[in-house]
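Some notes on the structure that comes next.
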Amino acid sequence: MKKAFYPLIAVLFVAFCSQVGAQSRPSYVPNQVIVCVRDNINLSRSQYSQAQFHQVDSHLSSLLKEIKAKSMKPLFGAPQSSSYVQSVSARAKDRNSFYRAVNQRNRTILVTLEDGGDVKKTIKYLSKKAGVEYAHPNHYYYPSVTIPNDPFYGTQWGLKNTGQDGGADFYDPSGRGTEGSDIDAEVAWDTHTGTTGVVVAIIDTGLDWDHPDIEGNLWQNVGESSGTITTTGVDNDGNGKIDDNFGYDFGDDDGDPDDDCYNSFFLFDFGGHGTHVSGIVGADGNNAVGVSGVNWIVSLMALKVAPSNCLITTDAFADAIRYATDEGADVINISLGGEADSTVEIALNYAELNGVVLIAAAGNEATSNSQFSYPAAYDNVMAVAATDRNDQLGTFSNFGSWVQISGPGVAIRSTLPVQDGSYAFWSGTSMASPMVAGIAGLVLAQYPSLTDDEVYQRLLDSTEDIDSLNPGFGGQLGAGRVNVARAMMSVTGISPSFGLNTTTSVDLTVSGISLVPESTLSLKNGSETISATNVAVPNSTTITGTVNLLGATAGLWDVVVTAGQTVKTLASTFTIVEVTVTSVDPSTAPITSTSTVVSITGTKFTSDLTISLTRSGFPSIAASTQAILSDTAATAEFDLTGADRGGRWDVTMSKLGSSSSLEDGFGIITTAFNVLPIGSNQGIQTSVQAPQGLQVINWPAGTINQDILLDFDAYPDLPSVNTTLDPFASSGIGTEVGIARSTLTPEGLYTVILEYRLVDLSDPDNEDSLTLAKYNSTTGRWEPITSTVDKVLKTVTTELDSFGMFALLQHVPASSLSHVVAYPNPFRADQHQPQVNFDLLTAGARLRIYDLSGELVQDLLDNNRDGFIPWLLDTKNGKKVASGIYTYLITDPSGDKKIGRVGIVR
């Protein structure tokens with residue numbers, strides 16, 4: 001007696017249409033904002049980290065801090081040279097408009113906010129700032145070719161789930177889903193929409209072969225077919241089946257696989273089941289008719305195993321599997337189920353040996369028992385459970401450790417025989433299985449040389465983990481819900497393919513196939529991983545990101561793109577090289593030199609490295625001639641007359657955007673910058689010329705007890721003043737004193753004298769409020785130093801005991817006493833400071849000092865109304881105070897008070 005196989009599905013005929021909802025893909029890059037500021041800005045770096053914001057104009061630096069920016073870069077790259085812009089302008093129809101556009105793009109930046117930054121709130125805030133011309137998100141743009149024009153596509157949530165309404169049935173009463181709970185079909189279609197070269201066999205109840213949404217994708221048996229269903233009575237191709245032009249009817253043993261079985265014993269007519277399944281795999285896409293299949297183009301082999309009474313038997317089933325295998329099917333979909341059967345198992349083993357991908361429905365008994373779930377429960381068949389539009393297990397679907405994968409299978413709209421209405425929403429694992437089989441076909445269309453095992457692996461690797469959305473079903477839904485875009489994903493190339501492990505920022509562009517927006521990018525070498533930042537996926541073939549190679553192991557690295565559980569690797573394609581520059585001789589030359597030849601030493605030099613002098617914020621100076629003499633030695637000749645400014649420059653070896661530098665390795669001497677050779681017992685007085693006036697340094701003998709090369713720079717890049725914390729106005733006058741690449745510190749005091757002009761001061765009527773301040777790179781604040789102002793000579797004189805960057809600032813009063821500071825605190829006599837300074841006061845504040853007994857020691861006023869009061873460590877009677885703890889009380893004219901303590905150590 002023949003065993004019967006019944007299609008284990010439950011369907012409801014609920015037909016309706018709904019409008020396409022919002023796009024499922026994000027509309028803009030998270031954490032990124034494009035900003036155009038109104039004032040001109042001078043940006044010369046390709047990327048600015050948070051720690052480098054002080055290098056930009058103060059108004060921009062303040063704005064970036066206000067919005068909690070993580071990094072920033074010019075949207076259109078660093079400004080082009082004036083000669084280049086001028087040459088391009090020759091092609092412009094209107095030069096005035098052209099130059100306005102150039103100016104605007106030079107004022108446009110791409111800002112990356114700190115993690116968790118709210119793009120919409122940031123834009124709202126920026127839009128209210130007077131200094132901002134405009135601000136908007138960094139939008140995604142998607143090609144339109146991959147969105148089919150089929151009128152019912154908007155209801156096919158399994159392909160694209162926008163959270164749209166529609167398709168409610170007994171198993172999905174709400175008819176409303178979760179955006180993104182789909183197979184990501186549109187991203188995959190960017191890469192491939194299918195090919196007739198891939199054959200998917202549908203073993204089922206048959207197929208309405210002249211359905212207008214299917215007939216164009218029918219498989220044709222070229223050895224038999226005359227192009228139509230004909231009854232010649234001749235087996236033209238000798239395969240044992242007569243008139244099998246587009247498939248075969250194994251139930252009735254004839255060449256017409258039409259979907260027309262019927263049995264009144266069942267609660268509904270099973271006819272149409274095979275047509276519905278076929279449409280999910282390959283309804284003709286983008287043909288302005290009905291629905292779209294996972295494959296827009298495919299060859300559907302119609303293998304009907306249900307006779308007119310719908311009772312499917314072992315012989316018909318097994319023969320259909322064999323036929324599909326022999327006739328070259330790449331994938332077989334089986335949305336049928338029953339008990340284990342040796343004949344069917346043998347046929348499946350035959351198909352497996354021939355490399356056919358086997359996909360089957362897990363069954364609809366809502367159980368983990370696989371008794372009636374064969375052939376899905378066989379090891380060589382991929383068993384598919386059904387999920388709904390919220391990534392939850394269909395209430396009818398089987399589950400268990402034997403299930404290998406899940407797919408959309410609730411309220412799925414697909415084709416029906418024309419006489420039955422042409423289209424309908426059905427539910428069942430019968431619908432989930434062809435979703436996976438269709439993906440397998442699309443994968444083979446893109447990668448035709450894959451083996452069946454490789455296809456299975458791509459399907460499993462593609463899945464999105466949905467266990468957390470299905471409490472109680474963890475580990476019983478297979479690898480997860482299938483995603484066609486991830487299944488088709490590959491990494492194909494990278495640029496650049498080389499980097500030096502001394503480089504902190506290398507921008508990578510990785511090419512690939514079917515890359516999804518949620519992808520991440522990294523480099524991997526064994527257990528060592530470098531994760532890219534600022535990752536963006538502008539389209540399905542490109543992913544970009546920035547990597548920090550500093551200290552990375554030299555050698556070949558893998559390029560890895562990850563999306564959830566999907567990991568794609570391009571092995572051993574990125575090379576990291578360890579190049580170091582250790583010395584340069586000579587290390588200085590005047591800016592007037594047209595030919596300065598230097599010898600460079602280091603490690604791992606190669607002939608394709610280029611040599612240059614570089615400095616942040618300025619165009620690099622390329623070597624006019626160079627020679628790599630060995631892996632440790634090189635020479636280079638420079639014309640320094642083209643340098644934009646003097647000072648310390650890095651000696652840089654670079655290749656393909658990656659570089660290794662000897663920081664501050666070379667000094668270009670100008671009237672504003674000098675390198676002073678000083679012996680250990682030598683005193684020296686010299687000066688340099690700043691734009692605002694002369695700067696003088698007095699260096700007593702023995703200040704450092706060894707020979708040194710002292711840098712004296714009258715034109716440093718001064719960090720901006722954080723006016724919210726520090727009550728200073730900048731004069732633009734500053735100096736930098738130090739020893740390049742050295743940690744030596746002075747052992748005594750030296751003197752710096754800076755000239756100023758009244759035009760440089762924010763308050764020229766209050767010269768007494770001038771002070772020299774040292775920049776603290778750790779806190780980002782300027783720390784004032786006791787200075788002497790000569791209003792006649794227009795100079796400020798300061799004794800210094802350290803190296804660093806110094807600026808001439810002018811005190812301005814604070815708005816409240818909340819940030820009052822007293823420094824140094826504690827006061828120590830060996831710190832070379834004559835007083836304790838009270839700063840960040842309001843204008844006209846009063847300072848009173850008390851000893852521990854409560855007796856008033858000193859009473860002082862901010863007579864200059866600049867928010868600054870120095871205490872000379874004396875009493876009201878002019879006597880010096882003793883060591884101890886003193887309490888200070890500060891009051892401002894409004895009555896606000898601030899109390900604190902200061903320690904004195906004599």
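The values are calculated or read from the model by the stated rules, or taken from the named source; none is laboratory data. These figures come from a predicted structure and were not determined experimentally. Note: ideal-geometry Cβ built from the backbone for every residue, glycine included; neighbour counts use all protein chains shown. For accessibility, only protein heavy atoms count, side chains too; no ligands or nucleic acids. Shrake-Rupley method; radii C 1.70, N 1.55, O 1.52, S 1.80 Å.
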Checklist outcome for this item: If the chain between residue 645 and residue 395 were fully extended at 0.36 nm per residue, the gain over the current Cα-Cα distance would be 82.6 nm
Checklist entry - Taking a point 7 angstrom from the Cα of residue 741 along the C-beta vector, which residues in segment 650-691 have backbone N less than 15 Å away? => result 650-653, 660-668
Checklist entry - Label point 7 Å out from residue 706 along Cα-to-Cβ: which residues of segment 661-690 have amide N under 12 Å? => result 680
Checklist entry - Given a Förster radius of 35 Å and the C-beta distance between residue 497 and residue 582 as r, what FRET efficiency does 1/(1 + (r/R0)^6) yield to the nearest 0.05? => result 0.85
Next on the checklist: Taking the solvent-accessible surface of protein heavy atoms with a 1.4 Å probe, what is the per residue accessible area of segment 565-628 in Å²?
Outcome noted: 47
Checklist outcome for this item: If amide H atoms are modeled at 1.01 Å from N in the peptide plane, then the residues at a separation of 5 or more from residue 645, or on another chain, having amide H under 5 Å from its own are none
Item to check | Charge dipole (debye, nearest 20) of segment 674-811; +1 at Cβ of Lys and Arg, -1 at Cβ of Asp and Glu | outcome: 140
Item to check | Portion, in percent, of the accessible area of the chain that falls on carbon or sulfur, probe 1.4 Å | outcome: 50
Item to check | Longest segment of the chain lacking chymotrypsin sites (Phe, Trp or Tyr not before Pro) that sit in a DSSP loop with at most 16 other Cβ atoms within 10 Å | outcome: 269-906
Item to check | Span from the segment 741-775 Cα centroid across to the segment 415-453 one, whole angstrom | outcome: 77
Checklist outcome for this item: Probe 1.4 Å, heavy atoms of protein chains only: per residue, the accessible area of segment 28-139 in Å² is 57
Next on the checklist: For a quick check of your reading of the filter: which trypsin sites (Lys or Arg not before Pro) in segment 759-811 sit in a DSSP loop and have no more than 16 other Cβ atoms within 10 Å?
Outcome noted: 791
Checklist outcome for this item: residue 723 and residue 819 label points (each 7 Å along its Cα→Cβ direction) are spaced in nm at 1.1
Item to check | Within segment 554-584: backbone nitrogen closer than 14 Å to the residue 457 label point (7 Å, Cα to C-beta) | outcome: 567-571
Item to check | Built amide H within the under 5 Å cut-off of residue 728, gap 5+ | outcome: 812
Checklist entry - Hey, if we sort 453, 790, 760, 213 by accessible area with the 1.4 Å probe, largest down, what's the order? => result 453, 790, 760, 213
Item to check | Simple label model, 7 Å out from Cα along Cβ direction - residue 625 to residue 379, nm | outcome: 7.3
Checklist entry - Given a cut-off of under 8 Å on Cα pairs at least six residues apart, what relative contact order in percent is computed for segment 629-671? => result 36
Checklist entry - Across the chain, where is the longest run that never hits GluC sites (Glu not before Pro) in a DSSP loop with at most 16 other C-beta atoms within 10 Å? => result 340-577
Item to check | Sequence-distant residues sharing a close amide H with residue 138 (under 5 Å, placed H) | outcome: 29, 32, 34
Item to check | Share, in percent, of DSSP beta bridges within the chain that are antiparallel, nearest 5 | outcome: 85
Checklist entry - Using alpha-carbon positions, what is the distance between the centroids of segment 831-891 and segment 344-394, in Å? => result 86
Next on the checklist: Given contacts defined as C-alpha pairs under 8 Å and at least six residues apart, what's the relative contact order of the chain, whole-number percent?
Outcome noted: 8
